[in-house]
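Asks: Could you have a look at this structure, given as structure tokens, before my questions?
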Amino acid sequence: MLDFAILGLLRDGPRHGYELKRALGDLGFWQVSFGSLYPALRRLEKQGQIEATKGEGRRKAYRISGSGRERMVDLLAEAGDGSDRGFQLQLAFLGYLDPPRRLGVLEDRRTALRERLQGARESFLGARSGARRPDRYRLALMERRVRSTEADIAWLDELIAGERGAAAGA
């Protein structure tokens, strides 16, 4: 996922290591050390997915290569690892996909959330009616999972409707 995030950020334009570290943190869900970042940059450079250029002073700036752009789009279009963090990363760079593929990513996520919601509802209802009923705090936590998943689905439905509306207007 780190490689994907780096490629996505470099798609916006060249950056040096410190800028990349800060931008990864600005995404709100990724804190990376220089001890992880610089080996990833060297690996991506060795693979030909990014290129090092002369930056300000002694700093190297990195920019994405043509093969890096292709790899980034491939990673972006994949269904992801199913985690919330993986989807958030996809969402951060979703604008780089064409509309049908963007819609596919959003619909795949909605399907996964609907499955999660079904399981959460079954667990919650089973716990409420079972003989060994959890205490109110565990029930509250289970209810929160149901409600937050419902809210995520509603939010995705709005994104999907907007995407469809934009495609119809094009």
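Asks: Which condition does Ser123 not pass, out of (1) under 30 Å from Phe4 (Cα atoms); (2) out of contact with any Asp or Glu (no Cβ under 8 Å at 6 or more places or on another chain); (3) assigned to a helix (DSSP H, G or I); (4) of a type outside the set (A, V, I, L, M, F, W, C), if it passes all the others?
Replies: (1)
Asks: Among the candidates Gly104, Gly82, which residue alone is farther than 17 Å from Trp155 by Cβ and part of a helix (DSSP H, G or I)?
Replies: Gly104
Asks: Could you please find all residues in segment 49-69 being assigned to a loop (DSSP other than H, G, I, E, B) and either of a type in the set (Gly, Ala, Ser) or under 23 Å from the mean Cα position of the chain (by Cα) (or both)?
Replies: Gln49, Gly55, Gly57, Ser65
Asks: Also: How many residues, within segment 46-60, are under 16 Å from Asp12 (Cβ atoms) and either among the basic types (Lys, Arg) or in contact with a Pro (Cβ under 8 Å, 6 or more places away or on another chain) (or both)?
Replies: Qualifying residue count, segment 46-60: 2.
Asks: Taking segment 15-48 on its own, how many of its residues are part of a loop (DSSP other than H, G, I, E, B) and either surrounded by 17 or more Cβ atoms within 10 Å (Cβ to Cβ) or modelled with pLDDT under 90 (or both)?
Replies: Here the count works out to 7.
Asks: Only residues in segment 60-84 that are at positive phi count as the first member; pair them with residues that are among the aliphatic types (A, V, I, L, M), Cβ under 7 angstrom, at least 6 apart or cross-chain, and list the lot.
Replies: Close Cβ pairs (under 7 Å, with a partner that is among the aliphatic types (A, V, I, L, M)) amount to Gly82/Ala112.
Asks: Now a separate question. Out of Arg63, Arg43, Arg69, which single residue is touching an Asp or Glu at 6+ places or on another chain (Cβ under 9 Å) and under 14 Å from Gly8 (Cα atoms)?
Replies: Checking each option against the conditions leaves just Arg63.
The values are calculated or read from the model by the stated rules, or taken from the named source; none is laboratory data. What you are looking at is a predicted structure, and each value in this text was computed from that prediction instead of being measured. Note that we place each Cβ from the backbone using ideal geometry, even for glycine, and neighbour counts take in every protein chain shown.
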